[in-house]
Each structure stands twice: as structure tokens, then as C-alpha cells.
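I have placed the structure first, in the form of C-alpha cells, so that the comments after it can refer back to it.
Derivation of every value follows stated rules applied to the coordinates shown; laboratory data play no part. Source: prediction; values computed, not measured. Glycine gets a Cβ as well: all are built from the backbone with ideal geometry, and neighbour counts include every protein chain shown.
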Amino acid sequence: MPDAAVAATGGSGWRKALLMAPALAWLGLLIVLPHAELAVLSFREQVGPRHYVPSLSHYREFFHEPEYWHTFVRTAWMSIVATSATLLLAFPIAWVIAKIARGRAAAWLFLACMIPFWISETVRTLGWMILLRETGVLPTLLVKLGILAHPVEFLYHDTTILVGLIYTSMLFMIVPLVSSLESLDNALIEAAYDLGANGFTVLRKIVIPHAAPGITAGCIIVFMLTLGNYITPTLLGGKDSGWFTEQIYTEFITRFDWGQGAAFGFLLLVLSTTIVIAGLKLTGQRFGDVMGRQ
Amino acid sequence: MIPSLPRPAWLRAATALYVAAFLGFLFLPLIVVSVFAFNNAPYPAPPWHGFTLDWFFANDPTGRLGMFHDDELMHSIWTSCKVGVWVTLLSVLVGLANALLLERHEFRGKQALSILMLVPLVIPGVILGISILAFASQIAQFLDDHFDWYVRFLRPGLPLVVLGQFSYIATIATLTLRARLSRFDRTLEDAALNLGASRAATFRTILLPYLRPALIGTAMMSFLLSFADFNTTLMLVGGSPPLTVLMYGRMHEGATPVLNAVSVFLMAASAVLAIGLMRRGPRRASG
């Protein structure tokens, strides 16, 4: 195939440049430079009208004001809880799709898992609000069944936020889990079983090590999406949902304090990136492989 | 554990029960949204007051206004469509250029560039939004200060929304188009060139038809992602909100069943798109 290689790469410098231009414009103008601008905004302080000096004041403000870093820690912690719960709930379903159900049944189940995600998050959240609010379907039903004496407000609790987050994240966990479980050879499980291993041992010694890349990929993606979520915490958690993205919005759009908002944005970005890198390091995977598989 | 091994009856039952409960969890919110689009009551809440299509078609300026007569709502759907078309166009074109660049050319920094192309997927949408907002304002300020130019499209509004959504949807377009292109048999192109076809003719008659299913799939996905985007859009939107932002605002105020009607409409539209995509499935496999 030397001819093909020459035809593709030789004598086409201008073609290469032409193909590279959109990529450079996209990444340069919409990703790299804007984030540089965000960094500049966050590391300076206004000392007079249109006069700025380099400063860490916005980051100091973050650590001085308990409300800010409480929200940050809370967002991170709830994202970890939501990610773990999503993994636990998704794993059995992924197992059924990859190992137990056959042919059409597996395909249908997989399809059923995808359908809700073709519909915008706003619509799904509306559904949860109609189900859970005080005058909603679930409280009314519980009163009718005699389980509750009078309707209870199920919205605006941390648990509600978690339910909503798990719901919106589910598919992003199931897809990588299914693809990593499908490649697990059944013969290995049968062999372990024949040698006297029980279900728990098989899970611990064979299934989990094999599925580790899928588990990592799913957890990384779910954690990132949860951390950056806006609709679900603000609508299901109400005014005091205490989600960090909401704090960023408030600084940027409501208070118009771009320096502070940029610092918050950077902190969120650092947290999200740290978790991604830690997850990859922990399981020895490369970024390109994990993202490419999606 | 797996069908070839003995599974106790209780485990089978538990599995079936779990799958059923899981499907209930997935579909309950969607079912509830749909049901209350047809309830003859001013709030999307029980009890059931009888069937009505008012929330779609009513046109009573003093009372009920169905979705098709709610101008603000219809305008926001139109806005979402316009934004979606632009994002789709940009993402598919840039994605195609990227796929060709990465699959067919060698250059210094190629590895770094292909990693950088994945980065937009791991940046939270809110941050993509604020960084683009800040950068655009900086440029606008600069042009205003030094040249006295007022550049409208660098201020919050639909052009920035398009750019914000495109900034990460382009990654997804690149990934899918590159995957398809990497399986292309290059000898077909060589044959065409040997037989005297020009490069343009080869591209048009060999490569484009091969990529067509992937291009259509990518376009549909880009449109859908754009239509559903909220986080990036929220930070960049000006006076004319797309549907997701409008719905969010109304849900904060206390929703009426009109939003349920819109949701049913969206579900129907998604279903049509999904079926369209799946019918292409088998053809894609045969190439």
C-alpha cells in the first residue's frame, strides 16, 4: 500500500492545512482561549474603575465564606453518593442484559433503558415533580392506601435530589458496564463454579476485575455529569438545593461578579479533572481509550 | 449467575422482580408526564378530572391556551430548531474535517490534538458556557474600546448559544465520524483515482456515499443534543430563550399542563427520530 500512503500524505500540505483549520479554530477559540480568559479573570482583583491587579482574593473569599466551600464539599460528596448508588443499581441490570437475557430480550431491555434518555432532562424532571410534590401522585396514592394520614412534601429533600441524579445518570453507567461484561467469557465463570467458588467469590475474583475498565468509565462519566448538573438539583431541591453550579450561575449572571464566578468555575473544573485523573490512574487506563469507547 | 449454571428459584424470581422495578423506575416519570397532559384540570396533579385535548389545542385568550396557541412557547420551539440546525451543520462539517485529518494525515502534535479534541466532553457544560461568555465579552470590549465597533453577536444571544453547544457536540461528531472512516477500505479510492477520477469526483462518488449513514446519524444526534442542551445554553442565552430554558423558567413558577403537552409532543418527535435511526441500522451494517 505504499502508493496509497503517498497519495494520502504526499504533496498535500495545503490540504492538510485546510483540514486542520477548523479543528484549530474550534479548540483555540472555543476551548483554550476562553479557559485562559477564565483563569485571568479568577486571578485578579479590581482596585479601581477598569483597573486590575493580580491577586488571589477570589480564592481567599471562597475559603473565608463558609457558605461557598460548604456548597462545594456538599456537591462533591453528594455526587460521590449518587455515583456509587448508580453503580450499585445499574450493575444487576447490566448483568441481566449482558449475561442472562438472550437475543431479542436483551436487545429490548437495552432499548428500554435508552428510551428515557432520548427525552430531555427537563421533561424527566417535570415527571418527578408531578410524582413527588405534596399535591402530586405519590403522596395522594399513599394517603389513599392509608399509609400516610395526610400528604407529605417529597420534593426539596436531599434524597429527592439523589433520586433525580441517579435517574438522569443511569444510562451512562449501563452502557460501559454492558460492553465490559459482554466481553467476559462465560467459561471462566463456569470454571470457577466447578472449582467450588460461590457467587460472591466469582463476583470478587473474576467479574469485578474483568469489568474494572467499564466500571471506571461509567463512574467517571456519571460523576462528571452529576457534578455539573443544574436542572435536577435546582428543581428537585428547591431554592436551597446548595449545588455548586447554581453558585456559579448566581455569581456570573445574577450578581455579575465575574471574577468570583470564574474562580468558582475553576475550582469545579479542578475537582472534576482531579477525579477523572485519579480514576484513570487507579485502574491504569488512558484518557483517550475511556472516552473513545463512549 | 449465568443460564448455564444452576440458578435457585428465589434468585430467578428476585432478578425478574428487580428488572420489573427498574423498568418502573425508568418509565414512571414519563408515563406521569404524558397522562397529565390530557387531564381536564388547570394543574398537573391528581385527581383525574376527565380527558381533554385543551392543553394542546385550546385557544381561549382569557382561559386555557393550548401549546399550539401559546406564542411564547411556539417561538421557543422555533428558536431551538434554528439553533439545532446551525449546531448540526457546524458539528458535522467540523467533525468530518477532523475525521479526515486524524485518519489520513500525519503531523507533529497529532496525538496531543486528538486528546485535546476529547477534552470538551469532560468540561462541565456550565463552565464551557461561562468561559465562552467571558471570552466573547472580552473581545467585544476590546473592539468597542479600540475601534468603536459594537459587535452584536459577541453579546449573550443565539449566536453564542450555537457556539457554546457546538464546542462540545463537535467532539461527539468527530468521534462517530472518525470511527466510521477508520473502517473504510482505501483501495476503493485508489481504484477510482487509477481509473482517472479526479480527487473531487472520488470524494463525491466513493467516500461520501460510504460515510452517508454515519453523517446522517451524526446529524440527528447533534440536533437532538442541541435541542436538549440546558447547562451551556443557560449561561449564554439572551432575550430569546430556546425551549429547555423557557420550560425551566415556567417549572420554577409552577407548571401548567401545557408543559406536559409539550413534553408529549417532544416524546413523539424523539420516537420518530429514534425509529428513523433504527431503520437505518441494518443498512449501516451492510455498508
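What the table below lists for this structure:
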item	result
Gyration tensor (Cα) of the stretch A:77-138, equivalent ellipsoid semi-axes in angstrom	27, 17, 11
Test item: B:16-29 mean partner chain Cβ contacts at 10 Å	5
Å³ per residue enclosed by the Cα convex hull of the stretch A:189-294	140 Å³
Lys/Arg +1, Asp/Glu -1 at C-beta; the stretch B:80-240 dipole; positive extreme among B:LEU193, B:PHE227, B:VAL162	B:LEU193
Lysines whose Cα lies under 22 Å from that of A:LYS99, excluding same-chain neighbours fewer than 8 positions away	A:LYS205
Listed peptides A:221-229, A:199-207 by packing density, highest first (mean Cβ within 10 Å)	A:221-229, A:199-207
Compactness of chain A - radius of gyration and Dmax, Cα, Å	24.3, 81
Additional length obtainable on full extension of the chain from A:TRP69 to A:ASN198, 0.36 nm per residue less Cα span	41.9 nm
Computed [θ] at 222 nm, deg cm²/dmol, chain B (DSSP H ≥ 4; -39,500 (n - 2.57); rounded to nearest 500)	-23500 deg cm²/dmol
Whole-Å distance, taken between Cα centres, linking the stretch B:1-74 and the stretch A:92-152	9 Å
Distance between modelled label sites at B:GLU72 and B:ALA9, nm, 7 Å Cα→Cβ extension	6.0 nm
Kirkwood Rh in Å, taken over the stretch A:75-210 so that all alpha-carbon pairs contribute	17.5 Å
Longest DSSP-loop-exposure-free segment, trypsin sites (Lys or Arg not before Pro), chain B, at most 13 other Cβ within 10 Å	B:1-107
Pair-distance profile P(r), taking every C-alpha pair of chain B, with 10 angstrom steps and integer %	6, 19, 24, 23, 18, 9, 2, 0
Shielding by partners - mean other protein chain Cβ count within 10 Å, residues of A:232-244	1
Space enclosed by the convex hull of the alpha-carbon atoms of the stretch B:80-240, per residue, Å³	145 Å³
Along each principal axis, Cα extent of the protein assembly as shown, largest first, Å	80, 76, 53
